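Novice: I have a structure here, written as structure tokens, and I will follow up with some questions on it.
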Amino acid sequence: MAAKFGTSGLRGLVGDLTDGTAAAHARAFARHLRQSGMAASGAPVFIGRDMRASSPEIAAQCAAALFDEGLEPVDCGVLPTPALALHAMGERGAALMITGSHIPDDRNGVKFYRPDGEIDKNDEAVISTLAPGCRTSAVPKPQLMRDRSLQANAGFIERYRGFAPDGLLRGLRIGLYEHSSAASDDLAVILKDAGVEIVRLGKSRVFIPVDTEAVSEETRTLAAGWVRSEALDGLVSADGDGDRPLVVDETGQVLRGDALGLIVARYLGADAVVTPVTSNSGIERQCRAEVSRTRVGSPFVIAGMAEALASGRQCVIGFEANGGVLTGNAITVGTADLAPLPTRDSVLPILCAFAAARAAGQSLSVYVASLGLPVAASDRIENFPTETSRALIADLSADKATRDRFFEPFGHAPAFDLTDGLRVTFETGEVIHLRPSGNAPEMRIYSEAASEGEALSVVERTRERVRQFTHT
């Protein structure tokens with residue numbers, strides 16, 4: 001069972017999921033639902049998937065396993081993760097989303113949802129404990145399933161109808177980079193309903209792993225070229241399962257996900273914001289809400305949101321540096337009544353970004369610049385063993401002499417934070433944050449500096465420093 005839980009669900013190589021591991025975890029989830037009283041015999045479990053080549057097979061194996069455990073698997077087809085979560089919560093049912101999000105096509109994963117939303121770390125521990133005992137040599141037989149794909153997608157589209165009343169977004173010409181995102185069709189309808197002229201671009205039948213947090217130079221160049229050639233007011237996209245947004249302004253510049261989260265919090269009038277320690281350090285200064293910092297991963301953000309709700313906060317917004325936004329309360333925007341959706345969503349930040357800029361009478365680039373956030377950058381070292389990442393972080397965290405030697409080329413670092421990985425703040429105000437990815441064999445690198453060029457340089461120099469220290 002090489003597949004394991006990361007920052008967002010079960011992840012692993014395709015072969016490590018189709019060998020019975022995904023089905024075993026689906027069985028374990030079913031038993032957990034039954035044993036905890038969250039599902040009775042015959043209760044529905046809604047299953048969605050992204051557009052990866054392996055997703056239909058994994059979905060079928062999980063569906064058969066659920067059926068064998070006495071639950072009813074219900075097919076929701078290809079759809080965005082937030083659409084699946086919204087539909088399942090509305091039906092008071094559990095859900096499985098078969099997706100590897102932004103990671104390459106040779107990998108995949110499963111996201112688990114209780115009837116009240118995403119599973120938490122305690123649920124993960126129970127499922128992980130039960131899963132080895134749920135393996136079986138017998139191949140589960142595929143079953144015919146009810147199809148609720150139309151209803152699930154329609155409900156998600158309806159959620160945002162009326163979000164931008166009085167023609168607030170009318171006349172905007174926005175590109176939609178479709179690639180292989182499960183959110184492309186829904187996003188196109190939602191934006192058209194808001195009066196936006198959509199230019200659909202780059203649809204692919206082959207899965208393309210678009211990372212909206214560490215945006216590749218290829219994606220940046222492609223998006224900027226379309227903005228110029230199509231005379232766009234901006235361009236939008238989402239990752240593979242549609243829970244993380246990509247927003248590009250009218251100059252071709254990619255907006256950072258934490259800036260999008262801040263825009264949502266300000267536009268909706270949040271009184272509590274929960275975001276990981278990797279998000280921009282300037283958020284506290286630019287937001288009237290009380291800001292809480294967590295480890296990276298939606299389970300930690302959701303736990304922080306629950307604490308804010310318990311303390312009486314009336315508009316609780318969670319977001320991650322990848323741009324996915326979560327809502328803890330029912331919120332009315334325009335004529336749209338948004339039910340709480342405590343799972344990452346790419347559509348809300350996209351709508352808020354353009355609505356906030358339009359309401360201010362500014363272009364998107366000018367509006368974002370007015371936020372006054374420190375300049376940040378991020379990237380990753382791919383195919384970097386997780387064990388190597390963790391060993392480096394442990395060495396740098398535990399030994400001051402090693403830490404000083406590693407960061408010597410960057411200056412004196414009087415402050416560091418071990419909330420998630422290692423975050424170092426220098427006397428100059430620059431920030432370097434190293435964090436092993438919870439989803440793939442990657443080392444994540446984040447930086448903040450006085451300019452974009454300096455922030456990118458810090459990331460690149462840190463990458464080389466990591467290579468030197470680990471001899472990779």
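Novice: If you check Met97 against the conditions, is it touching a residue at least 40 places away in the same chain (Cβ under 8 Å), in a loop (DSSP other than H, G, I, E, B), within 22 Å of Arg344 (Cβ to Cβ) and aliphatic (A, V, I, L, M)?
Specialist: So Met97 fails the test.
Novice: Being in contact with a Pro (Cβ under 7 Å, 6 or more places away or on another chain) and under 14 Å from Gly100 (Cα atoms) is the filter here; which residues of the stretch 49-88 pass it?
Specialist: The answer is Arg49, and nothing else.
Table: residues versus (1) polar (S, T, N, Q); (2) under 15 Å from the mean Cα position of the chain (by Cα); (3) crowded, with 22+ Cβ neighbours inside 10 Å; (4) not assigned by TED's automatic domain parsing to the domain that holds Glu430.
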position: Gly261; (1), (2), (3), (4): no, yes, yes, yes
position: Ala272; (1), (2), (3), (4): no, no, yes, yes
position: Gly282; (1), (2), (3), (4): no, no, no, yes
position: Gln286; (1), (2), (3), (4): yes, no, no, yes
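Quick grid of which residues meet (1) surrounded by fewer than 20 Cβ atoms within 10 Å (Cβ to Cβ); (2) under 22 Å from the mean Cα position of the chain (by Cα); (3) closer than 28 Å to Pro73 by Cβ:
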site: Ala152; (1), (2), (3): no, yes, yes
site: Arg161; (1), (2), (3): yes, no, no
site: Tyr177; (1), (2), (3): no, yes, no
site: Ile198; (1), (2), (3): yes, no, no
site: Ser204; (1), (2), (3): yes, yes, no
site: Glu213; (1), (2), (3): no, yes, no
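Novice: From Leu17, Leu13, grab the single residue that is in contact (Cβ under 8 Å) with a residue 24 or more places away in the chain and surrounded by 21 or more Cβ atoms within 10 Å (Cβ to Cβ). First the steps, then the outcome.
Specialist: On the way: Leu13 fails: surrounded by 21 or more Cβ atoms within 10 Å (Cβ to Cβ).
Answer to the selection: Leu17.
Novice: Which of the strands (runs of 3 or more DSSP E) contained wholly in the stretch 374-459 include at least 1 residues that are touching a residue at least 12 places away in the same chain (Cβ under 8 Å) and surrounded by fewer than 20 Cβ atoms within 10 Å (Cβ to Cβ)?
Specialist: It comes to 375-381, 415-417, 422-425.
Conditions tested, residue by residue: (1) out of contact with any helix residue (DSSP H, G or I) (no Cβ under 8 Å at 6 or more places or on another chain); (2) buried (at least 24 other Cβ atoms within 10 Å of the Cβ); (3) at pLDDT 95 or above.
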residue: Ala188; (1), (2), (3): yes, no, yes
residue: Glu217; (1), (2), (3): yes, no, no
residue: Asp233; (1), (2), (3): no, no, yes
residue: Gly252; (1), (2), (3): no, no, yes
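Novice: Output the residues belonging to the stretch 108-130 that are modelled with pLDDT of 95 or more, among the basic types (Lys, Arg) and surrounded by fewer than 24 Cβ atoms within 10 Å (Cβ to Cβ).
Specialist: Within the stretch 108-130, Arg114 is the sole residue that qualifies.
Novice: Condition first: touching a residue at least 12 places away in the same chain (Cβ under 8 Å) and farther than 29 Å from Ala223 by Cα. Now tell me which residues in the stretch 142-165 satisfy that.
Specialist: Scanning the stretch 142-165 gives Pro142, Gln143, Met145, Arg146, Asp147, Arg148, Ser149, Gln151, Ala152, Gly155.
Novice: Which residues, taken from the stretch 314-326, are surrounded by fewer than 23 Cβ atoms within 10 Å (Cβ to Cβ) and touching a Gly at 6+ places or on another chain (Cβ under 8 Å)?
Specialist: Cys315
Novice: What are the pairs with Cβ atoms under 8 angstrom where one residue, in the stretch 303-318, is among the aromatic types (Phe, Trp, Tyr) and the other, located anywhere, is modelled with pLDDT under 95 and surrounded by fewer than 18 Cβ atoms within 10 Å (Cβ to Cβ)? Sequence gap at least six, or different chains.
Specialist: none
Novice: Out of curiosity, is Pro56 under 24 Å from Thr136 (Cα atoms) and part of a helix (DSSP H, G or I)?
Specialist: yes
Novice: Then there's this: Any idea how many residues of the stretch 239-285 are among the polar types (S, T, N, Q) and over 22 Å from Thr419 (Cβ atoms)?
Specialist: The total comes to 2.
Novice: While we're looking at this one, here's another question. Can you tell which of Ala23, Ala28, Ala2 is aliphatic (A, V, I, L, M), surrounded by fewer than 24 Cβ atoms within 10 Å (Cβ to Cβ) and in a helix (DSSP H, G or I)?
Specialist: Testing whether each residue is aliphatic (A, V, I, L, M), surrounded by fewer than 24 Cβ atoms within 10 Å (Cβ to Cβ) and in a helix (DSSP H, G or I) leaves just Ala28.
To keep it simple, each residue is scored yes or no on (1) in contact with a Leu (Cβ under 9 Å, 6 or more places away or on another chain); (2) over 19 Å from Thr462 (Cα atoms); (3) assigned by TED's automatic domain parsing to the domain that holds Asp258.
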| residue | (1), (2), (3) |
| --- | --- |
| Gly334 | yes, yes, yes |
| Ala413 | no, no, no |
| Thr419 | no, yes, no |
| Leu422 | yes, no, no |
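The values are calculated or read from the model by the stated rules, or taken from the named source; none is laboratory data. Bear in mind that the values here come from a model prediction, so they are computed numbers and not experimental data. All Cβ positions, glycine included, derive from the backbone under ideal geometry; neighbour counts span all protein chains shown.
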